[in-house]
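Heads up, the thing below is written out as structure tokens.
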Amino acid sequence: MSKKYAVIIVGGGIVGATAACALAQAGVDVALLDARNPARTWPADPIDIRVSALTRASQNILRAVGVWDAMEARGIGAYDHMHVWDAGSAGVLHFDAADTEFPELGHIVENRVTVACLWDQLDLLPSATILCPAIVEDLQLSADSAQITLSDGTILVADLVIAADGRDSALRQMAGMQTTGWEYKQDGLVATISSEKSHQFTAWQRFLPEGPLALLPLKNGQCSIVWTLNHDTAQAYLNLSAADFLQTLAHATEGILGKMLTVGPRGAFPLRFQYAQQYSSDHFVLIGDAAHAMHPLAGQGANAGLLDAAAIAELIIKANQAGRPMGSHKTLRQYERWRKGDNLAMMASMDVINKMYTTHHEVLRQLRGTGMSWVNHSAWLKNYFNRYAMGLRDDLPEMARGI
Ligand SMILES: Cc1cc2nc3c(=O)[nH]c(=O)nc-3n(C[C@H](O)[C@H](O)[C@H](O)COP(=O)(O)OP(=O)(O)OC[C@H]3O[C@@H](n4cnc5c(N)ncnc54)[C@H](O)[C@@H]3O)c2cc1C
């Protein structure tokens, strides 16, 4: 006995759950599958180590799917300045929300807050079905439909299966889609810290020889750090005593926030550059990290995935309204053309920046310092980079534009 849905989404992280909300809100019969039930509630403290800097475009999408107010109610931190400086040159860059038409440059949000609010919203949408825990054992794609077999033998059929199951996507492998990429041999070390001086609602980033160190301002006055380090250094820093770690961190930040006072649990995530060579196949499409994994130095992975979710939802809803099949080759190719170029451009620029700032080449070091000062003194260039970092690019999905 099989069950049929218009769309099945595998993976209920930030990206998959957003796509599910967008489709269900438009009345599309959608099933969201995940292997794990995400936490919906937790004790007031401490703040989770996994946070994301979300752009204005992402804020627009999350508002459009009806969860931004709930996220604000649970607690998110706005930042209105960004300060970037280079340990290897005199380069400094400073961005100020006052130079934009918006009150802030972005928000720092715990990933669990975004996911919990999206799942709460799905509970309220009659067109949405959550199947969890659900383990996908098999995927069959044909010219007519897609079929999924779960580990308990349940068979699900859909016009379209969307894989949003993260960078090690099992669905992508089942569909036989190849990836290109490499391991950075760097880890992103994350932790929540408190410091002597206020974070001043500023996202701080210092480029160090092994990679950038970001201090992201949290709503409660603490900062979330994302520190790119060579793998061995990251592992060593995980094992430092709290006191030694805090001293190392204060040194690495040049004491910009004064003494470092406390640090919570630390975690390290191996970083990878990876993109799927194709995003779509018969009745099957990739979104989010399943399609692309990028360096976190500019905090763009989830933001790019949210644009994927908004784009595929917009195309599916329009196809449905026009009476066309949702999983048609035409619709999926349109999505692939729309999102692949933008994602590759973003990934390539992250990769170039990472290489530029970890180089020991003296001429390149001087050049990057000059380049930063140049941008910092040009209102036009600053405005361009500001808008790009806020996700306000050309050709955005309607939801991302706040329409
Ligand atoms: C250190 C670090 C810092 C970062 N900072 C930022 C930032 O500031 N801003 C930003 O935009 N991005 C940031 N990112 C990137 C961001 O975290 C990811 O791009 C984003 O979380 C990807 O979301 P996703 O929903 O595509 O995938 P995931 O979050 O990986 O979600 C995948 C979901 O699929 C489920 N799943 C997996 N396999 C299966 C299966 N076989 N069957 C069923 N379900 C399955 C999982 O349980 C999970 O719920 C950062 C990344 C790192 C490592």
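The values are calculated or read from the model by the stated rules, or taken from the named source; none is laboratory data. Keep in mind that what you see is a predicted model, and the values were worked out from it rather than measured. Here the Cβ positions follow ideal geometry from the backbone for every residue, glycine too, while neighbour counts run over all protein chains shown.
Yes or no, residue by residue, for (1) in a helix (DSSP H, G or I); (2) over 23 Å from the mean Cα position of the chain (by Cα):
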site: 49; (1), (2): no, no
site: 63; (1), (2): yes, no
site: 72; (1), (2): yes, no
site: 102; (1), (2): no, no
site: 108; (1), (2): no, no
site: 113; (1), (2): yes, no
site: 158; (1), (2): no, yes
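So which of 147, 121 is outside any loop (DSSP other than H, G, I, E, B) and in contact with a helix residue (DSSP H, G or I) (Cβ under 9 Å, 6 or more places away or on another chain)?
It is 121.
For segment 51-73, indicate whether the set of residues that are away from the ligand (no atom under 15 Å from the Cβ), touching a strand residue (DSSP E or B) at 6+ places or on another chain (Cβ under 8 Å) and either more than 25 Å from residue 10 (Cβ to Cβ) or touching a residue at least 24 places away in the same chain (Cβ under 8 Å) (or both) is non-empty.
no
Would you please name the residue that is nearest to residue 19 (Cα to Cα), looking only at residues in segment 124-144 that are part of a strand (DSSP E or B) and in contact (Cβ under 8 Å) with a residue 40 or more places away in the chain?
128
Checking residue 299 against (1) more than 16 Å from the ligand (Cβ to nearest atom); (2) at pLDDT below 95; (3) in contact with a Gly (Cβ under 9 Å, 6 or more places away or on another chain), which test does it fail?
Of the numbered conditions (1) more than 16 Å from the ligand (Cβ to nearest atom); (2) at pLDDT below 95; (3) in contact with a Gly (Cβ under 9 Å, 6 or more places away or on another chain), the odd one out for residue 299 is (1).
Okay, residues lined up against (1) in a helix (DSSP H, G or I); (2) among the polar types (S, T, N, Q); (3) over 19 Å from residue 396 (Cα atoms):
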| site | (1), (2), (3) |
| --- | --- |
| 275 | no, no, yes |
| 306 | yes, no, no |
| 310 | yes, no, no |
| 317 | yes, no, no |
| 326 | no, no, yes |
| 335 | yes, no, no |
| 343 | yes, yes, no |
| 356 | yes, no, yes |
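Examine segment 302-313 for a residue that is surrounded by fewer than 18 Cβ atoms within 10 Å (Cβ to Cβ) and of a type outside the set (S, T, N, Q), and state whether such a residue exists.
Within segment 302-313 (the criterion being surrounded by fewer than 18 Cβ atoms within 10 Å (Cβ to Cβ) and of a type outside the set (S, T, N, Q)), the answer is no, since none of the residues qualifies.
With 185, 197 as the choices, which residue is out of contact with any helix residue (DSSP H, G or I) (no Cβ under 9 Å at 6 or more places or on another chain) and in contact (Cβ under 8 Å) with a residue 24 or more places away in the chain?
Result of the check over 185, 197: 197.
For segment 321-365, which residues satisfy the criterion of being polar (S, T, N, Q), crowded, with 18+ Cβ neighbours inside 10 Å and at pLDDT below 90?
Residues satisfying the conditions are 354, 358.
Would you mention how many residues in segment 208-262 are over 22 Å from residue 299 (Cα atoms), among the hydrophobic types (A, V, I, L, M, F, W, C) and assigned to a loop (DSSP other than H, G, I, E, B)?
Residues meeting the conditions: 1.
Return the only residue of 31, 6, 20 being within 28 Å of residue 402 (Cα to Cα) and assigned to a helix (DSSP H, G or I).
Only one candidate qualifies: 20.
Among the residues that make up segment 209-230, is at least one of them free of Cβ contacts under 8 Å to residues at least 60 places away in the same chain, loosely packed, with under 15 Cβ neighbours inside 10 Å and touching an Asp or Glu at 6+ places or on another chain (Cβ under 8 Å)?
Within segment 209-230, not a single residue is free of Cβ contacts under 8 Å to residues at least 60 places away in the same chain, loosely packed, with under 15 Cβ neighbours inside 10 Å and touching an Asp or Glu at 6+ places or on another chain (Cβ under 8 Å).
Note down all Cβ pairs under 6 Å where the first residue falls in segment 324-342 and is under 19 Å from residue 306 (Cβ atoms) and in contact (Cβ under 8 Å) with a residue 24 or more places away in the chain, the second is among the acidic types (Asp, Glu) and part of a helix (DSSP H, G or I), and they're at least six residues apart or on different chains.
Qualifying pairs under 6 Å: 339/308.
Select from segment 154-170 the residues that are surrounded by fewer than 22 Cβ atoms within 10 Å (Cβ to Cβ) and either modelled with pLDDT under 95 or within 11 Å of the ligand (Cβ to nearest atom) (or both) and list them in ascending order.
Those that are surrounded by fewer than 22 Cβ atoms within 10 Å (Cβ to Cβ) and either modelled with pLDDT under 95 or within 11 Å of the ligand (Cβ to nearest atom) (or both): 166, 167, 168, 170.
Before we move on, is residue 352 more than 22 Å from residue 302 (Cβ to Cβ) and either assigned to a helix (DSSP H, G or I) or not hydrophobic (A, V, I, L, M, F, W, C) (or both)?
No: the conditions fail for residue 352.
Looking at this structure, is residue 90 in contact (Cβ under 8 Å) with a residue 24 or more places away in the chain, over 23 Å from the mean Cα position of the chain (by Cα), more than 22 Å from residue 221 (Cβ to Cβ) and surrounded by fewer than 22 Cβ atoms within 10 Å (Cβ to Cβ)?
Spelling it out, residue 90 is indeed in contact (Cβ under 8 Å) with a residue 24 or more places away in the chain, over 23 Å from the mean Cα position of the chain (by Cα), more than 22 Å from residue 221 (Cβ to Cβ) and surrounded by fewer than 22 Cβ atoms within 10 Å (Cβ to Cβ).
Output the residues belonging to segment 250-263 that are crowded, with 18+ Cβ neighbours inside 10 Å and touching a helix residue (DSSP H, G or I) at 6+ places or on another chain (Cβ under 9 Å).
257, 260, 263
From 31, 17, 24, which residue is within 15 Å of the ligand (Cβ to nearest atom) and more than 20 Å from the chain's Cα centre (by Cα)?
Going through 31, 17, 24 in turn, the sole match is 31.
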